[in-house]
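Just below is one structure, and these are the notes that go with it.
The values are calculated or read from the model by the stated rules, or taken from the named source; none is laboratory data. Everything numeric in this text was worked out from a predicted model, so none of it was measured. Note: ideal-geometry Cβ built from the backbone for every residue, glycine included; neighbour counts use all protein chains shown.
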Amino acid sequence: MAAIDTVREILSEKGMRLGETLDWHGLKFFWADQPCPGMETIFAKYLLLPLSFREWKTFKESDEQFFAEVVEETYYRLHNDLCWNLYLVCILPDADFAQIDQHIRFDFERNPNFTRNLVLKESELRARLPVGHTLLRESDRPTAQPEQEWRDTLKGYEFCMETFNDKRFQAIGSAPPETLSDKTFQLIASEAPARTAAGSVSAPSQAEKIHAVHCAHIPQGFRPHFYTRDLDFTFPQVTLLSGANGSGKTSVLSAIELAMTGSVRKQHRTPGDRADQADVSLELRTAAETKEIHKPESARDKKNRETLWYNNRAENRTAEQLNVSFHRFNCFSVDDTYLFASEQPNHGDIFSKLLYGPETTAKWKNILNWKEKCSQIIAKYHADIIHLKGFLNQPSPVKAVDEQGLRSYIQRSGLNIAPNATYKQITEIVTAIQAALNQMSAYHPILSRKALMDAKQKTEQQLADARADAFALQEQSRKYSDDFEKRKRDMERDESCLTRIRQREKDLSPLEKWLPVLELEAPHHISFRILREMQQELDEFDNRYAGLQGFWDQYRELLDCTALPDLDVQRDEFEKRAEAFDARSKEVNVRISKAEMHVELGKKLLDQLRETGRQLAREQPAMHQCPLCGTENITAETILRHLDEEPEASSADLSQLYQERQNLKKEQLLLNRQRETLNQLRKTADTIEAAYHSAKKQFPELAAGEPLEAVKRVLEKRQRLENQRSQRQSALLEQKRRIQKWYSSGCGTPSFEKLLTVEENVRALLLRSNYPECETLSGIPLLERAQEILRKLRSDRAEMERSLSEQKTALDAGPLHGLEEQQKKLHDQLLVLERDAKRWNQLNRFWETVSEWVHSEAVDLDGAALQAHCEKLLKDVKNITEYAACQQEHEKYASRKTQLEQECECYEKVLTRLDKARALESYSQEFIRQNIGQISQIFLSLHLPQEFSGLEMEDGELIGLRGEERVPVVNMSTGQRTALVLSVFFQLHLSNSAAPGFLLIDEPVANIDDLNVLSLMDFLRELVVTHGRQIFFTTASRNVAQLFRRKFSFLGEGFQRLDFSRESTDTLKITQTTYNQSGVAKQPERLV
């Protein structure tokens, strides 16, 4: 067990007021009060319980009894905010502490009932108590300034800290390497914005250090949508700014930032935002005086403040660094929490942004960007240089051509090209000749001019002879043409007649198979006719009465119209009932709507009354008179119970109306079923009536009498006719048997059905073939007429074919046939001669076209030789041109290689200097490494339950120690990372002795659970009590605001609460309230 005397000694050294040692079932404990320095007020009360591991187990088994007998007595005896600041601290030796199950310890520390619970090692008692305690260890070394070190490292290369610019980047490569110096880069960097160095300002003394913001004057122009007039605020040691998001509380902190630094950091600026131009002023309190400041206007003023307030002596610095220092050491916002608490891939980068601000982070990213651009262009230049070297080392792909030999060849070729013609002129002439040759591709081969003249004369003579022979044949042919045309017309007429005869034979071809059957049927055609008439009569009889029988089978049960109800009467009665039902339903719905509206209004009023009662009960728990109705001796619980019982009557009425509406719905279902039944009956009646009228059209007898009786009469008549039909059918069968006996002996006898239909088929076919006389024929006359028609068609066809054959033979043997053959041959000869003549003319025009480029003496030069000369000349000229171009390109590549090597040398010099710049992340790692002990202590104060035993730096990464496990930041929870970023910020502030002694903390609890909200407020309270810091704390949570008030109400006039709310879109309400530990010390005062 930890020595109780040692614990008492440590707490006595820390200024606590100790109570006597007490005993509870063998466990020793004592109470200790923590007073506010310089005041008699007790703001925290501790119950210290030194235990061994065995006693810890005993205590955990009966901790509920301990709380009931020891803690609750003290808790209920306290009637002020001190009851919110009770701490139960169990202290165990280090060896016993290691044996405790950490999950049991976590559950114990998470229990917020009555006290905030802690379990501590004996060795860490001095560092962990009082709760939130931290040592102020001011660093004797100045905080590293990355931007200044980068400037010292880069020297004339400071432009690489600015945004990448293509123009500046290209200017690096344009400078010759031998002239590349700091002066050159200063000229390049001269395009960057000018920087103003501050004057010499000494570090602040303790008397000059800012301790607090006494008051602030905020003009209307700062945020006109929030502040409709000028406002003056006075700030005590602790100020709580509470209100919903968008109510204007953070704008107060922005006004302080503007007056201190001359600007306000914003994630996104809206167009037309003129807040930075407002004349916000502050009164700052130092140890020696209270002085008024306004926002700095010039870069010199900002640099002077930076040096004075933050001990920053960097001479070559931009004006915006003052705002960066302000956010590093004095202002913590919810944006900082979000950056680190969200899932980010590189927490080192976020540490750097937190420690040195986004502007410095942006400059480092600019350096990296310049570095990357230089590396990329160097790599590209190296690749280009290697490619150029390979190209220059390759042999020329084109061989040189003897230019003098080319000129001699032109003279020998017969081409008319000047000896001094340029290669371009030679190419144009040869190209023109080739174009002319290509146009003559259809007339190849191209003869020489001498051969062309001989061929042309020969062709002209042959063409004249052929034309004379053609004229003689034409005269001879004219004599035989008239007789030939007449015979030809006769043949065409006979061929047309033969075609018609053949088509008639084709149409009558079915007679070939029908006439043998008709020969069998013709002797007995009268019997067949009687049979057909009997069959037709029976078919008509069956068709007529089949419909009536179907009607009877389907509707005989419904034909008795007297069985159907009077549907029209029932329909009228039903409609009257439906109208009455609709009226009742509308009335009930209206009554329900009104009742629901009254109930809803009653509920809203009841909720307001219940909320008012609860608020009065919380603020005045000892009051025994109802503030609403004046009833005495009544508690808040009684008021709430009565309010809960009051709406029962309205609820019962509404339930009755709901039941009535449910009954109406059931009645509506019944009406719908009746409507469906009536509709079905109506549909059935309409169907029967339509079918009955259809039957009357076929059987007029149905129109007399009742429908059922009429149908029965018709059916009785049908029965009588049915008997007659049976007799006829028997006679028909007998007739069929008699006919079938006549044809039963033949093995190839056609079927009976074919015998019945063959005569009709023959007659119909002959009528369609335009033989109208067959319409009245039957039997043997019809057979004989059909046979006669077929014989006549065959005879006419044979005669016509014989005649056409004789005429064709006579035409073929005539003299005109030989003349036609001669004319055809002569015509083909003329075509060949005319084509040759045309070819010679085209070739002659070709030689006329190229005559200016071909010597007139070269008459033996043909097209093939001319084409060969042109191709050789083009090839030689092309080789000469390409060789010259290769030589020129070789020189250009050699020059480009030299230029790239020079530019690459320039960029390599810049890259060498950039490589010397120290990484921004190493500065943040160095700061954390130097302050890891203090950051770890603050982290343990802020984060509960105490899952980690401390923090360490390992391989440049911040890790948490959880037993033997080493947890990197990326694996920590959101709340743990939030506690970590707060720890780094608070250490930044505490480590800079020159920084102003106030903290602006904007919405820091966004990612923190309730237990760690308590830890944060205890830590802030220690900053106020022990280190004298001034706190500005904003929150949108009412619960957090109430808890914050209970933690700081002991300050009395040193604490105020400013509540911000919107009464309308254009009206802002700000209320100021001061407290003491017993409640409101001064009635709220409305500032706006």
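Quick check on region 231-250. Is at least one of its residues surrounded by 19 or more Cβ atoms within 10 Å (Cβ to Cβ), of a type outside the set (A, V, I, L, M, F, W, C), modelled with pLDDT of 80 or more and part of a helix (DSSP H, G or I)? Within region 231-250, one or more residues are surrounded by 19 or more Cβ atoms within 10 Å (Cβ to Cβ), of a type outside the set (A, V, I, L, M, F, W, C), modelled with pLDDT of 80 or more and part of a helix (DSSP H, G or I). In the condition set (1) in contact with a Gly (Cβ under 9 Å, 6 or more places away or on another chain); (2) without any contact (Cβ under 8 Å) to a residue 60 or more places away in the chain, S448 is compliant with all but (2).
Is there a residue in region 262-280 that is modelled with pLDDT of 90 or more and not aliphatic (A, V, I, L, M)?
Applying the first criterion (modelled with pLDDT of 90 or more) to region 262-280 yields 280.
Still in the list and also not aliphatic (A, V, I, L, M): none.
No: region 262-280 contains no residue that is modelled with pLDDT of 90 or more and not aliphatic (A, V, I, L, M).
Residues that are farther than 21 Å from T360 by Cα, among the charged types (D, E, K, R) and part of a helix (DSSP H, G or I) do occur in region 909-924. Has region 302-318 got any residue that is in a loop (DSSP other than H, G, I, E, B), under 46 Å from the mean Cα position of the chain (by Cα) and modelled with pLDDT of 85 or more? No: zero hits. On the basis of being within 30 Å of V854 (Cβ to Cβ), in a helix (DSSP H, G or I) and not charged (D, E, K, R), does L392 make the cut? No: the conditions fail for L392.
Which residues, taken from region 2-36, are in a loop (DSSP other than H, G, I, E, B) and either in contact with a Gly (Cβ under 7 Å, 6 or more places away or on another chain) or at positive phi (or both)?
Listed by number, the residues that qualify are G15, H25, G26.
Just name the residue that is surrounded by the fewest Cβ atoms within 10 Å (Cβ to Cβ) out of those in region 585-611 that are of a type in the set (A, V, I, L, M, F, W, C) and modelled with pLDDT under 80. Checking each candidate, the answer is L605. Can you find a residue that is crowded, with 21+ Cβ neighbours inside 10 Å, at pLDDT 85 or above and over 22 Å from Y356 (Cβ atoms) anywhere in region 950-965? Within region 950-965 (the criterion being crowded, with 21+ Cβ neighbours inside 10 Å, at pLDDT 85 or above and over 22 Å from Y356 (Cβ atoms)), the answer is yes, since at least one residue qualifies. Does T1065 satisfy the criteria of being touching a residue at least 40 places away in the same chain (Cβ under 8 Å), of a type in the set (V, I, T) and not assigned by TED's automatic domain parsing to the domain that holds I42? In short, no. With respect to the conditions (1) buried (at least 19 other Cβ atoms within 10 Å of the Cβ); (2) modelled with pLDDT of 85 or more, L873 lacks only one, and its number is (2). Going by the structure shown, is I429 surrounded by 11 or more Cβ atoms within 10 Å (Cβ to Cβ), part of a helix (DSSP H, G or I) and in contact with a strand residue (DSSP E or B) (Cβ under 8 Å, 6 or more places away or on another chain)? In short, yes.
Okay, residues lined up against (1) modelled with pLDDT of 80 or more; (2) in contact with a Pro (Cβ under 6 Å, 6 or more places away or on another chain); (3) surrounded by fewer than 15 Cβ atoms within 10 Å (Cβ to Cβ); (4) within 30 Å of R328 (Cα to Cα):
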residue: H347; (1), (2), (3), (4): no, no, no, yes
residue: A379; (1), (2), (3), (4): yes, no, yes, no
residue: Y409; (1), (2), (3), (4): yes, no, no, no
residue: N416; (1), (2), (3), (4): yes, no, no, no
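In region 982-998, the residues that are over 15 Å from I1031 (Cα atoms) reach residues that are part of a loop (DSSP other than H, G, I, E, B) with C-beta atoms within less than 6 angstrom, at least six apart or across chains, in these pairs: Q987/N931; S991/S139; S993/E138; A994/P204; A994/N311.
Pairs are defined by a Cβ separation below 9 Å, a sequence spacing of at least 6 or placement on different chains, a first member in region 572-601 that is in a helix (DSSP H, G or I), and a second member that is at pLDDT below 85 and of a type in the set (F, W, Y); the pairs so defined are I592/Y658.
Residues that are surrounded by fewer than 19 Cβ atoms within 10 Å (Cβ to Cβ), of a type in the set (A, V, I, L, M) and within 18 Å of V969 (Cα to Cα) within region 916-948 comprise just one, I932.
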